[in-house]
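Engineer: Right, I'll just put the structure down here and ask away after.
The values are calculated or read from the model by the stated rules, or taken from the named source; none is laboratory data. Every value quoted in this text rests on a predicted model; they were computed, and no experiment measured them. Reconstructed Cβ throughout: ideal geometry from the backbone, glycine too, with neighbour counts over all protein chains shown. To get the accessible areas, we keep the full protein, side chains included, count just its heavy atoms, and leave off ligands, DNA and RNA. Shrake-Rupley method; radii C 1.70, N 1.55, O 1.52, S 1.80 Å.
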Amino acid sequence: MRRVLYIDPLKCTGCRNCEAACSWEKEGVMNPRKSRVKVVRRGRLIDEPVACQNCSRPPCRDACPKGAISIEDGNVLIDSELCIGCGLCVKACPFGAVSLHPDTGMAVTCDLCGVCTEACPVGELKIVSFHEIGAGKRWHVLDYPVAHLEERVMDGGVHNGF
Amino acid sequence: MAFKYKGYCGKILRVDLSSGEISTEPLSEQLVENFIGGSGFITKILWDETGPETDPLGPDNRLIFAGGPITGTGLPYAPRLQVGAKSPLTGAFGDSSMCGDWSPALKFAGYDAVIIQGASPEPVYLWIDDNCVEIRAAGDLWGKCNTEVQMEIKDRNHDYTIQVLSIGPAGENLIKYASIAHKSRMAGRCGLGAVMGSKKLKAIAVRGSQDVRVAHPRQFPGFRKKFGEKTAVHVAYLTQYGKSILMDWMNAIARHPVKNFQSGYTPLVDKVNAEEMLKYKVKNRGEPGCYGLCEKTVCVKTGAYKGLYKLPEFECLSAFGPRLWIHDAEFIFHASHLCDELGMDASSAGGTISWAMECFEKGIINMEDTGGIDLSWGNRESILTLLKQMAGREGFGRILAEGSYRAAELIGRGSDKYVMCVKKMEIGAQDPRAQKAMGLANGVSTRGADHCKSSAYFDESGLEDPVIKRWGKEYLPEMIDPLSAKYKPFEVKDGEDYCAFVSTLVLCLNGVLFEYYYSGLVEALNIVTGMTMTADQARIIGERIVNLQRAYNIREGLTRKDDGLPERFTKTPAPEGAAKGHIVDMESLLDEYYDLRGWDKAEGMIGVEKLKELDLDEIVSRD
């Protein structure tokens with residue numbers, strides 16, 4: 001099943017614990033350029049860890065001259081044996097989620113190992129399917145009316161609208 | 001060849017802006033073993049390379065930026081920077097610190113510290129990109145405010161990952177309390193921004209591609225997680241409130257600097273307390289590896305101060321709040337933001353304005369002196385006007401730009417009575433009458449009025465468990481009673497040594513103060529570096545650094561009288577609130593503190609035995 005790393009950009013604090021966890025897990029050093037997830041901070045509101053979106057029709061797979069990129073069970077994989085480090089996938093990805101490893105020059109992306117989700121201090125970084133993302137949003141979009149309608153009904157009578 | 005200890009890069013970058021020469025020096029093992037990093041490096045380098053003959057705003061001053069061995073490892077509370085120079089405000093040892101991405105980026109670029117000396121004839125910025133280091137023209141950046149400068153440099157170089165620190169117009173105009181900014185963080189105190197401005201250095205941009213390694217990479221990820229989780233209960237208040245909750249707590253103990261310390265208590269606190277400020281909160285923010293998430297974004301939706309801001313730190317909430325008789329949260333956000341963008345230290349800027357407002361209240365200065373600005377308490381527009389004038393050295397700001405101590409010398413007329421400084425630097429949000437430890441702390445801090453160097457938060461917070469854990473039950477109840485002087489010289493001395501060590505690593509005091517002591521921190525240091533340091537050795541290092549900073553100040557001619565507090569605190573009883581009736585018996589506090597330190601009571605000189613004990617006897621020659 002296709003899944004992605006996801007956190008609401010208004011909940012993400014930009015603390016980069018996910019980068020640290022990834023870098024240590026995968027590389028045994030701290031180096032944000034080696035982390036498969038990269039946090040971007042824009043202005044005062046937006047923080048977002050950017051990682052591979054496991055696209056259904058991945059531009060990186062189509063761009064790769066060596067067929068090194070494939071989809072398996074909804075997840076995009078890069079075969080480092082076939083990769084020549086040309087960087088076409090880096091150019092093709094609209095998210096900037098592919099990077100070339102600073103030492104080997106080979107293309108790397110997030111493989112959903114999940115170590116970063118354990119490191120998130122607000123516990124909001126998750127690996128989820130798009131069904132789950134949509135379901136979560138549908139549920140929470142009614143938080144405000146639910147709280148207030150329940151209160152008003154309990155007070156006595158149903159009113160129009162909210 | 002790799003440096004002996006992991007965590008370090010093994011290189012110091014030195015830039016001479018007079019000659020344009022850029023060089024790297026190998027990091028000395030001896031410097032590391034005796035001073036660790038961060039504040040330790042700064043102390044030793046300033047001792048060696050500056051002195052009484054150094055003009056703080058002249059080319060011979062050194063401006064030093066240093067992280068520590070733990071910086072850039074991703075350990076919680078580690079992404080911090082220490083900055084140091086001889087201070088133009090105090091004329092003595094100056095340092096400040098900030099959190100953020102810049103310090104780790106310096107490690108990724110391959111440098112343990114940057115030393116700036118000389119002065120450029122034209123505005124420049126320093127570009128550091130791994131081995132490529134360049135002095136670049138910054139004429140078109142000169143005059144701009146901090147955020148604009150930092151964004152411009154990133155845009156121009158097509159890379160948002162570039163980390164920039166900068167000065168605003170205040171630093172360029174050599175305002176005595178100009179700050180150095182990086183994103184929403186500031187190295188505020190001691191006027192280090194003016195030192196940077198005197199060198200015509202507008203900004204330092206850095207990015208790097210290198211690894212930061214630790215000695216025990218397999219243990220480290222688990223240790224990292226545990227280190228953060230253990231502090232969770234102590235930092236929970238930061239995650240929820242930021243520092244806004246201190247508005248409530250400090251009013252409860254009457255420690256606010258209300259109207260330039262005329263009182264420690266404001267009856268209008270519910271307009272500027274945590275509950276009020278959190279109404280504006282949109283989200284939390286954290287710096288790399290952090291679990292405390294102390295920063296908040298707030299949104300003011302309508303009105304004169306509409307906008308998105310960072311929720312200011314407590315000192316800023318206070319400096320632009322009750323200190324100036326302001327009880328308007330939206331205004332405080334806006335004024336603090338303006339102060340940050342212009343590049344000034346909030347405590348000193350707000351403190352200088354509060355001095356001026358009290359002088360205005362007492363009729364010592366009038367509208368003619370101020371050029372028509374009404375300095376009645378709480379006048380919002382006047383405060384905003386003054387901030388711009390101070391940063392630009394215009395109008396009445398020309399006098400205020402010198403700080404309240406020197407401004408009082410310029411005005412005369414008995415205005416010095418209302419200067420609330422130690423060593424010419426404004427005291428922050430700690431009325432010493434309400435918390436005796438803070439009185440002593442501000443008096444003896446090596447960088448002038450300051451509370452961070454000792455972090456005497458045990459009586460500030462009133463929590464029993466941290467005291468029992470660190471020192472034992474026998475110190476209760478007096479240790480947590482802010483009004484009691486008992487044990488407070490010990491709290492300050494112990495705190496100064498510990499915080500000095502923390503500032504070498506470099507870690508955030510808010511994160512590590514209550515959960516950890518020396519043994520917890522050397523565990524972190526040893527896992528990172530491969531050293532086998534003990535808690536006792538760490539304690540000696542902290543004490544060594546405090547003493548060397550003291551020696552620096554003694555060499556500048558400072559003595560016991562410079563450790564004194566303004567008379568308001570030693571002679572005028574607090575008028576209301578929890579501290580009502582209290583004054584500070586500073587002489588007794590100093591006597592006991594000097595004893596604990598091994599310094600002579602008469603002048604506060606360091607004894608020879610103490611120097612030998614700390615291996616400072618060869619470094620500090622006795623004249």
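Engineer: Mind checking which helices (runs of 4 or more DSSP H) fall wholly inside the range B:488-573 and carry at least 1 residues that are within 30 Å of B:ALA408 (Cβ to Cβ) and within 17 Å of the chain's Cα centre (by Cα)?
Structural biologist: B:488-505, B:535-555
Engineer: Continuing with the same structure: Looking only at strands (runs of 3 or more DSSP E) that fall completely inside the range A:1-96, which ones have 2 or more residues that are within 19 Å of the chain's Cα centre (by Cα), more than 14 Å from chain B (Cβ to nearest Cβ) and farther than 29 Å from B:ARG285 by Cα?
Structural biologist: A:69-72, A:75-78
Engineer: Related question: Can you confirm whether B:LYS271 is within 14 Å of chain A (Cβ to nearest Cβ), open to solvent by 10 Å² or more (accessible area, probe 1.4 Å) and of a type in the set (D, E, K, R)?
Structural biologist: So B:LYS271 does not fit the description; no.
Engineer: Could you please give the count of residues in the range B:200-241 that are more than 10 Å from chain A (Cβ to nearest Cβ), crowded, with 24+ Cβ neighbours inside 10 Å and among the charged types (D, E, K, R)?
Structural biologist: The qualifying residues number 1.
Engineer: Need the failing condition index for B:LYS281 against (1) in contact with a Lys or Arg (Cβ under 6 Å, 6 or more places away or on another chain); (2) buried (at least 19 other Cβ atoms within 10 Å of the Cβ); (3) at pLDDT 95 or above; (4) more than 10 Å from every other protein chain (Cβ to nearest Cβ), just the number.
Structural biologist: Going through (1) in contact with a Lys or Arg (Cβ under 6 Å, 6 or more places away or on another chain); (2) buried (at least 19 other Cβ atoms within 10 Å of the Cβ); (3) at pLDDT 95 or above; (4) more than 10 Å from every other protein chain (Cβ to nearest Cβ) one by one, B:LYS281 breaks only (2).
Engineer: Restricting attention to the range B:384-403, which residues are of a type in the set (Gly, Ala, Ser) and either on the phi < 0 side of the Ramachandran plot or within 21 Å of the chain's Cα centre (by Cα) (or both)?
Structural biologist: Residues satisfying the conditions are B:ALA391, B:GLY392, B:GLY397, B:ALA401, B:GLY403.
Engineer: Looking only at the range A:111-121, filter to residues that are touching a residue at least 40 places away in the same chain (Cβ under 8 Å) and closer than 21 Å to B:GLY286 by Cβ; which one of those is nearest to the other protein chains (Cβ to nearest Cβ)?
Structural biologist: Within the range A:111-121, the match that is nearest to the other protein chains (Cβ to nearest Cβ) is A:PRO121.
Engineer: Within the range B:425-448, work out how many residues are in contact (Cβ under 8 Å) with a residue 60 or more places away in the chain, buried (at least 24 other Cβ atoms within 10 Å of the Cβ) and farther than 14 Å from B:HIS256 by Cβ.
Structural biologist: 10
Engineer: Tell me, which strands (runs of 3 or more DSSP E) wholly within the range B:36-114 include 2 or more residues that are in contact with a Phe, Trp or Tyr (Cβ under 8 Å, 6 or more places away or on another chain) and either open to solvent by less than 10 Å² (accessible area, probe 1.4 Å) or closer than 22 Å to B:ASP450 by Cα (or both)?
Structural biologist: B:63-66, B:80-86
Engineer: Please go through the range B:521-555 and give me each residue that is open to solvent by 40 Å² or more (accessible area, probe 1.4 Å), over 16 Å from B:ASP617 (Cβ atoms) and β-branched (Val, Ile, Thr), ordered by number.
Structural biologist: Of everything in the range B:521-555, those that are open to solvent by 40 Å² or more (accessible area, probe 1.4 Å), over 16 Å from B:ASP617 (Cβ atoms) and β-branched (Val, Ile, Thr) turn out to be B:THR532, B:THR534.
Engineer: Which one of B:GLY392, B:GLY350, B:GLY403, B:GLY372 is open to solvent by 20 Å² or more (accessible area, probe 1.4 Å), touching a residue at least 12 places away in the same chain (Cβ under 8 Å) and of a type outside the set (A, V, I, L, M)?
Structural biologist: None of the others qualify; the one that does is B:GLY392.
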